[in-house]
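Coordinate-derived values only; no laboratory data. Computed from a predicted structure; not experimentally measured. FYI the Cβ positions are ideal-geometry reconstructions off the backbone, even for glycines, and counts take in every protein chain you see.
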Amino acid sequence: MTEQSFSSMRTAMVESQLRTSDVDDPRVIAVMARVPREDFLPAERRAMAYIDRAVPLSGGRALNPPLATGRLLKEAQVETGDKVLLIGAAMGYSATLLVELGAVVTAVEEDGGPEIAAPGATVVRGSLGAGAAAGAPYDVLFIDGAVQEVPAALVAQLAEGGRVVTGLVERGVTRLCSGRVVAGALGLSRLADIEMVVLPGFAAPERFTF
């Protein structure tokens, strides 16, 4: 496909997937209209860059649908200079968008996960649930996918008042959530049911019922 074809598809993504679905932050719209999403996919899947579904990557990972990325970015309310801990870097798309928004980004991806291209971001390989404590405290925790619960280890790496955006898996449904850390505790609000990639390694511990 030609660069012009990708540019046309990117415009269509913005107009038909983002603007029609509550992604109305001008900065988010501008950066997603500018950054070539196809550059963050394997060559054989570049033609799928702008479909409204998750795109498979290597190692069992996948790139979130554009709408999920746009909603997460909108709710994160990233300001220039914010320190962002990105969990689930995949091939670097969200990390690049956050850098373009002016954030100082530490992006975490599993050992053996996809190759990451995110100039300007610090890339850390290891357990997604462990985060990157060496760079704490962060202003924003950006979990680029859905988890069963947000680990205490990640919450502990946020500054007081730090913002969190994530997806939660609840009874098989993925939900967009946002919240803040107050007195060391995280409170999350459920915002919308939305298709999101489910990240590995975040299963909630089994709880006994009587």
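Here are the numbers for this structure:
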{"quantity": "Packing-based exposure ordering (other Cβ within 10 Å, fewest first) of GLU160, GLU75", "calculated": "GLU160, GLU75"}
{"quantity": "Kirkwood Rh in Å, taken over all unlike Cα pairs in the range 54-210", "calculated": "15.3 Å"}
{"quantity": "Cα gyration tensor shape for the range 7-68, rounded if a/c is under 1.5, else prolate or oblate", "calculated": "prolate"}
{"quantity": "Gap separating the Cα centres of the range 1-59 and the range 167-202, nearest whole Å", "calculated": "23 Å"}
{"quantity": "Sequence-separation-based contact order of the range 3-193, relative, with Cα cut under 8 Å and 6+ spacing, percent", "calculated": "15 percent"}
{"quantity": "Cβ-placed point charges (K, R +1; D, E -1), dipole of the range 65-194 about Cα centre in debye, nearest 20", "calculated": "300 debye"}
{"quantity": "Value at 222 nm in deg cm²/dmol, rounded to 500, when DSSP H runs of n ≥ 4 in the chain each add -39,500 (n - 2.57)", "calculated": "-5500 deg cm²/dmol"}
{"quantity": "Axial C-alpha extent at least 24 Å, average Kyte-Doolittle at least 0.0 - helices from the chain (DSSP)", "calculated": "none"}
{"quantity": "For ASP82, ASP111, order by how many other beta-carbon atoms lie within 10 Å, fewest first", "calculated": "ASP111, ASP82"}
{"quantity": "Approximate spin-label separation ARG180-ASP52, in nm, with each point projected 7 Å along Cα-to-Cβ", "calculated": "3.4 nm"}
{"quantity": "FRET E, pair ALA30, GLN77, Förster distance 22 Å, beta-carbon r, rounded to 0.05", "calculated": "0.90"}
